Amino acid sequence: MVSANVSGDLSSEMEVDAFRRLFPLRYHERFLLDSIRPDARPLGRARDTSLALGAVASADGSALAKIGCTTMLAAVKMEVMTPPKESPDEGSIAIEFYMPPICSPLVRPGRPAEEAPVVSKQLSDTILRHVNVVTSFSGMINLKELSLVSGKAAWMAYLDIYCLDADGSLFDAALLAAVAAFSHLRIPVVSLNEEGRVVVVSEENEEGKSEKEPVNKGKRKLTLSSLPFSLTCILHKNYILADPTAEEESIMETLVTVVLDSSGQLVSLYKPGGPVLAYASAVQDCIALTRQRVKELKSILNEAISDMEVD
Amino acid sequence: MSMEIGRDDGRTANQLRPLACSRNILNRAHGSASWSQGDTKVLAAVYGPKAGTKKNENPEKACIEVVWKPKTGQIGKPEKEYEVILKRTLKSICLLNINPNTTTSIIIQVVSDDGALLPCAINAACAALVDAAIPLKHLAVAICCCLTESGYVILDPTKVEEQKMKAFAYLVFPNSAISIIPEGSSHMEGELMEHGIITSVTHGVMSVDDYLHCLERGQAASTKMSAFLRRSLQSQAPNDSSRAG
């Protein structure tokens with residue numbers, strides 16, 4: 001696996017690992033010439049993805065998503081709050097993305113990762129999207145479903161996503177974990193107590209509480225319209241590599257993240273600079289790769305949901 | 001296409017707001033520029049190259065850092081996101097091998113925000129880099145295209161228009177008279193270098209065809225903006241203070 005170089009420099013006598021560290025770009029290009037990558041994946045294939053719902057028992061909804069080595073843990077907790085006056089029959093969602101030092105040697109307590117606020121903002125933009133003035137709703141979750149008593153009580157959903165292992169494609173894994181956590185979400189049953197406040201009905205004391213009628217007994221799950229799924233690709237010369245690892249991301253710096261929803265609409269096409277320019281043909285290819293990936297991810301999510309319902 | 005889209009300020013779908021660019025407005029900065037599109041105005045200042053790079057950066061190349069100052073309020077996640085987008089966009093237009101182990105700081109101050117803020121900031125930063133004589137591969141022009149409910153693409157929206165849109169996209173295109181084309185780049189027959197996108201940030205849901213339509217409109221408008229940028233950068237001598245502000 002050592003590159004036979006015409007100039008006959010050190011590379012002909014070096015070990016593979018040393019060559020990989022010293023000349024990373026040449027190491028990867030040697031594989032790209034054969035349309036393959038160091039982990040034996042063809043250029044358009046994503047890493048093995050797995051999803052486990054209900055990973056956090058104390059949360060109302062949770063999921064653990066793994067794409068290759070990148071691991072994300074998402075948990076949703078619901079709290080009752082008073083809705084603001086401008087939108088009395090809407091709940092609200094707060095999304096936060098954390099990159100604790102466990103995830104990568106580059107993150108230390110005094111040195112927060114640069115990507116964390118960016119991924120956090122991208123996630124809120126994708127899941128909430130902006131509710132514009134003309135159409136009252138555009139997004140995965142209809143905030144009106146989170147309302148309990150109009151003007152007095154509504155749900156506040158706190159979505160926290162923790163990155164446990166950062167090995168490239170952070171946004172893809174985080175979005176998958178968030179979507180899965182919302183799919184797994186079971187809204188707690190609440191009722192009005194004597195003072196007119198909304199309290200959570202606990203499962204144990206079921207006897208003789210006839211005056212405490214549950215307010216939302218029938219509605220325990222959110223209806224999610226058009227789930228978004230994403231794929232990050234790297235553009236390098238003429239190649240398009242799907243689902244990069246952290247090593248590939250640091251060497252070939254041009255990333256394109258395409259988010260499509262299940263009806264095929266483009267939710268976001270994010271290309272933050274990078275030395276390689278994206279022409280319309282490259283954009284089309286990335287979108288085609290993402291379409292394929294959306295099908296794979298949908299089937300993985302459906303399988304995980306049906307596994308959970310069997311239990 | 002002769003659809004009458006009634007925009008509030010009477011512009012047509014493809015018409016940009018009046019552009020104004022001034023260079024060398026700050027005395028202490030090594031380079032500075034202000035760029036305004038209609039009522040959106042952004043001031044950019046460049047300090048550099050300064051010695052040394054930050055801890056995790058590659059010392060064999062020059063390093064760029066961006067600080068984004070909003071008009072009011074504290075710095076939060078949207079500002080951090082803008083900083084990262086700007087940093088990566090400007091990194092791709094600078095020649096990083098010329099001054100290794102140096103840091104160039106770009107400070108963006110929002111003076112007023114009336115829609116299309118990020119493209120305005122990118123244009124201001126590019127002009128400021130030219131004013132500071134930082135070596136660049138080519139220039140960059142940024143434009144905002146948005147999609148109305150009825151499916152038309154309009155350019156350069158005001159804030160009020162932006163809020164009514166179904167979706168919008170900020171696109172940045174390269175701009176050069178003579179440029180350094182990287183070897184082996186996917187330069188296909190019939191695709192000019194000016195048609196490749198450096199950066200794209202979208203908000204809102206649109207179909208793939210709408211996005212490609214936005215790309216075409218953006219490419220067409222970027223030639224107009226490029227011409228304006230080159231004219232205004234050439235016509236101002238470095239110590240010309242008559243155009244300040």
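The values are calculated or read from the model by the stated rules, or taken from the named source; none is laboratory data. Predicted, not measured: the structure shown is a model, and the values here were computed from it. Heads up, the Cβs are rebuilt from the backbone with ideal geometry, glycines too, and the neighbour counts pull from every protein chain shown.
Brief remarks follow.
- B:Ile143 satisfies every condition listed in (1) part of a strand (DSSP E or B); (2) modelled with pLDDT under 80 except (2).
- Taken residue by residue, region A:282-297 has at least one member that is over 21 Å from B:Val205 (Cα atoms) and either of a type in the set (Ser, Thr, Tyr) or touching a residue at least 60 places away in the same chain (Cβ under 8 Å) (or both).
- Selection status of B:Ile75, free of Cβ contacts under 8 Å to residues at least 24 places away in the same chain and part of a loop (DSSP other than H, G, I, E, B): yes
- Any hit, region A:176-184, residues being under 15 Å from A:Tyr98 (Cα atoms), modelled with pLDDT of 90 or more and surrounded by fewer than 24 Cβ atoms within 10 Å (Cβ to Cβ): no
- Scanning region B:51-68 for residues that are over 18 Å from A:Gly273 (Cα atoms), β-branched (Val, Ile, Thr) and in contact (Cβ under 8 Å) with a residue 24 or more places away in the chain turns up at least one hit.
Yes/no per residue for (1) farther than 30 Å from B:Ala140 by Cβ; (2) modelled with pLDDT under 70:
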site	(1), (2)
A:Ile187	yes, no
A:Ser202	yes, yes
A:Phe229	yes, no
A:Glu253	no, no
A:Leu266	no, no
A:Gly273	no, no
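- Condition check for A:Ala40: of a type in the set (Gly, Ala, Ser) and under 23 Å from A:Ser120 (Cα atoms): no
- When restricted to residues that are in contact with a helix residue (DSSP H, G or I) (Cβ under 9 Å, 6 or more places away or on another chain) and crowded, with 21+ Cβ neighbours inside 10 Å, region B:205-227 contains 5.
Let's see how each residue does on (1) in contact with a helix residue (DSSP H, G or I) (Cβ under 8 Å, 6 or more places away or on another chain); (2) modelled with pLDDT of 90 or more; (3) surrounded by 15 or more Cβ atoms within 10 Å (Cβ to Cβ); (4) away from every other protein chain (no Cβ under 13 Å):
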residue: B:Asp8; (1), (2), (3), (4): yes, no, no, yes
residue: B:Ala13; (1), (2), (3), (4): no, no, yes, yes
residue: B:Lys41; (1), (2), (3), (4): yes, yes, yes, yes
residue: B:Tyr47; (1), (2), (3), (4): no, yes, yes, yes
residue: B:Thr53; (1), (2), (3), (4): no, no, yes, yes
residue: B:Lys61; (1), (2), (3), (4): no, no, yes, no
residue: B:Pro70; (1), (2), (3), (4): yes, yes, yes, yes
residue: B:Lys87; (1), (2), (3), (4): no, yes, yes, no
residue: B:Thr102; (1), (2), (3), (4): no, yes, yes, yes
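- The one condition in (1) within 11 Å of chain A (Cβ to nearest Cβ); (2) under 15 Å from B:Ala124 (Cβ atoms) that B:Cys94 fails to fulfil: (2)
- Residues within region A:264-311 that are of a type in the set (Ser, Thr, Tyr) and part of a loop (DSSP other than H, G, I, E, B), tallied: 1
- Scanning region A:230-269 for residues that are within 19 Å of B:Glu216 (Cα to Cα) and surrounded by fewer than 22 Cβ atoms within 10 Å (Cβ to Cβ) turns up just one, A:Gln265.
- Applying the condition of being under 21 Å from A:Cys103 (Cβ atoms) and over 18 Å from the mean Cα position of the chain (by Cα) to region A:235-271 and asking which residue is nearest to the other protein chains (Cβ to nearest Cβ) yields A:Glu253.
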